[in-house]
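Enquirer: Mind having a look at this structure? Questions to follow.
The values are calculated or read from the model by the stated rules, or taken from the named source; none is laboratory data. Since the structure is predicted, the reported quantities are computational estimates derived from the model, not experimental observations. Glycine also receives a Cβ, built like all others from the backbone with ideal geometry; neighbour counts cover every protein chain displayed.
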Amino acid sequence: MKTLSLPFSLFSSLLLLPSWDLVAQEAVKEVMATVSQVRGQVTASGKQSGDLKAGSQLSSGTVIQTGNDGAVLIRPAPYIKVALLPSSQARFNGSQIGADGAAVSFELLEGTLFCRDQSTEDTAGSTLKVTTSNCLITGKSGHFLVEQQGKRTMVANVVGDVTVRIAEGGGTVELGTGNVIVLQPNQQGRLEVKVIDLTNGTMVTIAEDGSRGPVERADALLMAQAANRMAAGIALTLTESGGTLPDAVQALVQQISQVVPGFTADVASQPTTPTSPQQVLNPDFVSSNNNGNQPTASPDAPR
């Protein structure tokens, strides 16, 4: 399988000044985000406006818009990468770097955002927050995908620690690896929340007061929708990793395949479309030995 690694690079290490007083003053530093890669039509509005290109700097408050064929890869802080996929709009709300790592914030207004935090205990932990109309997502040391379509939010956790704080006092959900949460207002305007576990095909409903209902078999349609988002997150992880999935994600794929027939790690064999993660972030990423396999997706739930 021919692969092409994406040209991701890390920011230079931060230098701490020797004087304690100066260190205290510089403990938290606001930084601009850097556009690493652009495909198709991508524009910015706010303090900055116009077409974006590789190397562009984004300040807090900048709104990024991608066209039907557009996508952009952003580095808001060391070890953190954010990809905004086609037909999406997001606001960069800032990035701060301190001794304990980075704190990065985006608001997803519409479309799909893929987040990767490569920080570890050895490189200082970072926090990546994504706000939508229905929740606040906080991710650490992992990969997760957020989709906002109309009034519905879906979050798929490929790997890592992801916390979802539900709006309207709905409580907090800890999403483990392989979990998908769906948040959507019903006809009465009340927020409905369901968490699907792709590893066993079960689902939990969360009430307005944050209480959880019984574990039940996941609805087939909701399971398929959640599975598609998870497959997209895994595809982006594979592309970004240069064609080799991390061990934790490989183990997840094996679990999913036991629940969802046809689910495989060979997501590169998936036919490319204008919104296909492979085509968006790496048009040369192809598979020469897909053996006709068509990967399906799977859903995920709360723990």
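Enquirer: Go through the range 85-101 and count every residue that is within 20 Å of I137 (Cα to Cα) and either of a type in the set (D, E, K, R) or in contact (Cβ under 8 Å) with a residue 40 or more places away in the chain (or both).
Expert: Adding up the residues that qualify gives 8.
Enquirer: Here is a further query. Looking only at the range 43-83, how many residues end up being assigned to a strand (DSSP E or B) and either among the small types (G, A, S) or touching a residue at least 40 places away in the same chain (Cβ under 8 Å) (or both)?
Expert: 15
Enquirer: Scan A90, A103 and give me the residue that is at pLDDT 95 or above, among the small types (G, A, S), more than 20 Å from T237 (Cα to Cα) and buried (at least 16 other Cβ atoms within 10 Å of the Cβ).
Expert: Only one candidate passes the filter, namely A90.
Enquirer: State yes or no: is A227 closer than 12 Å to D197 by Cα and either touching a Phe, Trp or Tyr at 6+ places or on another chain (Cβ under 9 Å) or surrounded by 24 or more Cβ atoms within 10 Å (Cβ to Cβ) (or both)?
Expert: yes
Enquirer: So, V158, is that one modelled with pLDDT of 85 or more, in a strand (DSSP E or B) and either touching a Phe, Trp or Tyr at 6+ places or on another chain (Cβ under 9 Å) or within 22 Å of T131 (Cβ to Cβ) (or both) or not?
Expert: yes
Enquirer: For the range 202-220, state whether one or more residues are at pLDDT 90 or above, under 19 Å from Q149 (Cα atoms) and either more than 19 Å from the chain's Cα centre (by Cα) or outside any loop (DSSP other than H, G, I, E, B) (or both).
Expert: Checked against the condition, which is being at pLDDT 90 or above, under 19 Å from Q149 (Cα atoms) and either more than 19 Å from the chain's Cα centre (by Cα) or outside any loop (DSSP other than H, G, I, E, B) (or both), the range 202-220 yields no hits at all.
Enquirer: For residues in the range 166-182 being at pLDDT below 95 and in contact with a Leu (Cβ under 8 Å, 6 or more places away or on another chain), which is surrounded by the fewest Cβ atoms within 10 Å (Cβ to Cβ)?
Expert: Checked the range 166-182; the qualifying residue surrounded by the fewest Cβ atoms within 10 Å (Cβ to Cβ) is E168.
Enquirer: I'd like to check something: does the range 51-68 contain any residue that is touching a helix residue (DSSP H, G or I) at 6+ places or on another chain (Cβ under 8 Å), of a type in the set (G, A, S) and either modelled with pLDDT of 95 or more or surrounded by 14 or more Cβ atoms within 10 Å (Cβ to Cβ) (or both)?
Expert: For the range 51-68, residues touching a helix residue (DSSP H, G or I) at 6+ places or on another chain (Cβ under 8 Å), of a type in the set (G, A, S) and either modelled with pLDDT of 95 or more or surrounded by 14 or more Cβ atoms within 10 Å (Cβ to Cβ) (or both): absent.
Enquirer: Also: When S133 is evaluated against the numbered criteria (1) in a strand (DSSP E or B); (2) touching a Ser or Thr at 6+ places or on another chain (Cβ under 8 Å); (3) surrounded by fewer than 20 Cβ atoms within 10 Å (Cβ to Cβ), which criterion, by number, is the only one it fails?
Expert: (1)
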